[in-house]
Amino acid sequence: MAKAKANATQGLPELLEIASKKRFKENLKEKHESDAKFGWYRYDTKFALPVYNENQELERFNIFQAALVIRHAQDGKMYLYDLVNIKKETGKPLER
């Protein structure tokens, strides 16, 4: 999943744009008192990564679900903190 996370970062604006199911969680850890003073938000998102065959031709896309962790900082702004819970969707991947 580390490879999926690394590749997903190339499309962060799109991941944020299609994010859904906003959930709030208060900050419970003292170490985040200043950087997440107003708590955390989680959003669900999806992304697809291409799979190439031995001839470097596009074969299909693997689809992943993930959660974006956003911190609500003391300055009132929201910052992307992490991309977590990355799970490959099972079933038939998207064919080209």
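The values are calculated or read from the model by the stated rules, or taken from the named source; none is laboratory data. Values in this document were obtained by computation on a predicted structure and should not be read as measured data. We place every Cβ from the backbone using ideal geometry, glycine too, and count neighbours over all the protein chains shown.
Observations on the model:
- Just one residue in the set 48, 4, 66 is in a helix (DSSP H, G or I), surrounded by 13 or more Cβ atoms within 10 Å (Cβ to Cβ) and either at pLDDT 85 or above or of a type outside the set (S, T, N, Q) (or both); that residue is 4.
- Conditions (1) surrounded by fewer than 15 Cβ atoms within 10 Å (Cβ to Cβ); (2) of a type in the set (Ser, Thr, Tyr); (3) under 14 Å from the mean Cα position of the chain (by Cα): number failed by residue 90: (3)
- Counted residues, the range 21-45 - those being part of a helix (DSSP H, G or I) and without any contact (Cβ under 8 Å) to a residue 12 or more places away in the chain: 2
- Residues within the range 47-85 that are free of Cβ contacts under 8 Å to residues at least 40 places away in the same chain and aliphatic (A, V, I, L, M), tallied: 8
- Residue 15 being farther than 14 Å from residue 78 by Cβ, of a type outside the set (D, E, K, R) and without any contact (Cβ under 8 Å) to a residue 60 or more places away in the chain: no
- A single member of 11, 39 is under 14 Å from the mean Cα position of the chain (by Cα), among the small types (Gly, Ala, Ser) and surrounded by 14 or more Cβ atoms within 10 Å (Cβ to Cβ), and it is 11.
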